[in-house]
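Comments concern the structure below.
Every read-out reported here was derived from the displayed coordinates using simple, explicitly stated rules and does not represent laboratory data. Note that the coordinates shown come from a computational prediction; the quantities given were computed from them, not determined experimentally. In this analysis, Cβ positions are derived from the backbone assuming ideal geometry, glycine residues included, and neighbour counts consider all displayed protein chains.
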Amino acid sequence: MYGDFALVYDRLMADVDYDAWALHYQALLAQRGVPRGAVVLEAACGTGNLSLRLARTYQLLPSDLSDAMLSIAAGKARAAGQRLVFIRQDMQSLRAHRPVDALVCGCDGVNYLLTPAALSRFLRSAHAALKPGGALAFDVSSPDKLRRVLGGNTQVLRGEGICYIWENAWDEARQQLQLSLSIFDRQPGGQYLRIEEEQLQRAWTRQELEDAMRAAGFADVRCFGNFSMDPPDKQAQRLHFTAIKA
């Protein structure tokens, strides 16, 4: 899964403020009583950008389904002097060697769950992995962002040694965004490696997610807009959710 795309992912995401992401997740978990040093399982960790930051605060168990992403994440952890064990597992069948204090899934991971059944599997496996009273925290790009901001838009971006064309197509019937990327990565000899990447993201409404969380056994479900600790307004581009295992 991802393959060559994993090799250029971090360069495409260079403008993302992962320090801010980590601080916000720490605030969300602290509000739920998760202390420093708690055991936290991370789903869909990708190349580990959020993982390395969360691992400074928690006993982190990062996981992902992509071997290519995990290989890059493990290399970055070694370079940073962090002793992290990365776990290969599907976010729809999460497991830990013992129940954990909290579970996080950042940076749009839940948007890649395309059906109610897939969403339910993620939430039920998250519930099973948590201790009683454990906390769940995740985020999604909002329907407004996927439909209005990204849907139908094409971007052409050029950086040092890399350029890409990013096309988005919105499917109203399926409530899905198709992302098509053509990436040109300059190699040491001057030639360019072309990488084609297709992804689908599902637009989940606040109500759909809250209902699914309760159906999976979670209680005290809360939703926050963007990177605030306030409820979202209609223009919020990102929704963060937290809940407790009942």
Discussion item. At 222 nm, what value in deg cm²/dmol follows for the chain if DSSP H runs of at least 4 each add -39500 (n - 2.57) and the sum is divided by all its residues, to the nearest 500?
Written reply: -8000 deg cm²/dmol
Worksheet item: With labels modelled as points extended 7 Å from the Cα through the Cβ direction, what inter-label distance (nm, one decimal) is found for Leu65 paired with Ser120?
Response: 1.8
Worksheet entry | Correct option for semi-axes √(5λ) of the Cα gyration tensor in Å [calculated from the coordinates] among (1) 29, 23, 16; (2) 31, 20, 17; (3) 46, 22, 18 | (1)
Worksheet item: What longest region of the chain stays clear of GluC sites (Glu not before Pro) that DSSP places outside H, G, I, E and B and that have at most 16 other Cβ atoms within 10 Å?
Response: 1-159
Worksheet item: On full extension of the chain, what length is gained from Ala20 through Leu200, given 0.36 nm per residue of separation minus the C-alpha to C-alpha distance?
Response: 62.2 nm
Response to the item:
With +1 on the Cβ of every Lys and Arg and -1 on the Cβ of every Asp and Glu, the dipole magnitude of the stretch 145-202 about its Cα centre, in debye rounded to the nearest 20, is 240
Practice prompt. Rounding to the nearest 20 debye, state how big the charge dipole of the chain is about its Cα centre with +1 on each Lys and Arg Cβ and -1 on each Asp and Glu Cβ.
Written response: 800
Worksheet entry | Antiparallel %, DSSP beta bridges [both residues in the chain], to 5 | 75
Discussion item. Is there a quick way to get the dipole size of the stretch 1-108? I mean about its Cα centre, with the Cβ of Lys and Arg at +1 and of Asp and Glu at -1; what is the value in debye to the nearest 20?
Written reply: 520
Fill in: Euclidean distance between Cα centres, the stretch 9-66 to the stretch 185-246, Å
14
